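The values are calculated or read from the model by the stated rules, or taken from the named source; none is laboratory data. Note that this is a predicted model, so its numbers are computed, not measured. Please note: Cβ atoms are built from the backbone with ideal geometry, for glycine as well, and neighbour counts cover all protein chains shown.
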Amino acid sequence: MNHNNTLSLAIMSGKGGVGKTNIVLNLGYALHYAEMTSLLMDCDLGLANLDVLLGISPERNLHDLLQTGVDAKDIVAPIENGFDMLPATSGVPELVEMDEDMQDILFKKLVMLAGEYDYLMLDLGAGISHTVLSFATLSQLRIVVVTPEPTSLTDSYAMIKVLATQHEVKDFLVLVNQATSAGEAKQTFDRLAAACKNFLNIDLMNLGFIHQDRTLVESVRRQIPLMKFAPEAPASKDIKALAKKIIRYREDNKDRIAGRPILKDFPSM
């Protein structure tokens, strides 16, 4: 059980290329600057990219955790003081579709480590693979990242539909990324929210938006997180605002969070 107040966040998207991993990394930096501790887990298990954005090459990764029996703390890669990541790996197909035994081992090791942090942020792969759906179902909060592109909306709707109809998950926070204006962001959210209300009877929660920002493209090219590269850029300010909302949520729900497992419905150990 989670005796601390660790809040687990699954950051997910229906399709790839919506900027999800950049959001996870820079949100981690925003929480770090707010003196919160975070553990990022790259859950795109077969196509790792958090380490690429950071320009680092961790010596160990999740594959080692599952195959060699090491503890989760042994593969942690520090980013800043109190801000760490669990690196994934690339090109290992069996990690993409883990069987239940492997998931059980991973979750047990993860829960023991994650209780030492304020936040556990899971950067999920895009789409509706079994592993993605498992992580999304077990997390305390789900943030769905969408862009104004029609394909992003249709794929996100499909993902929400699967989680709602097959896994009884009904609570989703929506974050619009790469929006050119507040108006475009609202229109994007409203379209997805209307579809989910009409066809699934689900009320989505609007978490806000992040501006389309050319500075972010440059920060990726240089392998320097945006919050370090340009902390006053429009997208950086949006991410700081997002961090404040998440911190406020954790503060407002401390008692409720403390009474739940970090990965809910996980057997108590």
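Brief remarks on what is shown
- Across the range 49-71, the qualifying residues are those that are touching a strand residue (DSSP E or B) at 6+ places or on another chain (Cβ under 7 Å) and in contact (Cβ under 8 Å) with a residue 60 or more places away in the chain, and the one among them that is surrounded by the fewest Cβ atoms within 10 Å (Cβ to Cβ) is 54.
- Residue 189 being hydrophobic (A, V, I, L, M, F, W, C), within 21 Å of residue 12 (Cα to Cα) and more than 17 Å from the chain's Cα centre (by Cα): yes
- Residue that is touching a Lys or Arg at 6+ places or on another chain (Cβ under 9 Å) and acidic (Asp, Glu), where the choices are 71, 51: 71
- All conditions in (1) exposed (fewer than 15 other Cβ atoms within 10 Å of the Cβ); (2) free of Cβ contacts under 8 Å to residues at least 40 places away in the same chain hold for residue 102, with the sole exception of (1).
- The range 209-234: number of residues that are surrounded by 17 or more Cβ atoms within 10 Å (Cβ to Cβ), free of Cβ contacts under 8 Å to residues at least 60 places away in the same chain and under 26 Å from residue 172 (Cα atoms): 4
- Being in contact with a strand residue (DSSP E or B) (Cβ under 8 Å, 6 or more places away or on another chain), small (Gly, Ala, Ser) and touching a residue at least 12 places away in the same chain (Cβ under 8 Å) is a description that does not apply to residue 258.
- Lone unmet requirement of (1) modelled with pLDDT under 90; (2) surrounded by fewer than 22 Cβ atoms within 10 Å (Cβ to Cβ) for residue 32: (1)
- Test result for residue 202, touching a Cys at 6+ places or on another chain (Cβ under 6 Å) and surrounded by 15 or more Cβ atoms within 10 Å (Cβ to Cβ): yes
- Some residue of the range 72-87 being at pLDDT below 85 and either buried (at least 16 other Cβ atoms within 10 Å of the Cβ) or among the aliphatic types (A, V, I, L, M) (or both): yes
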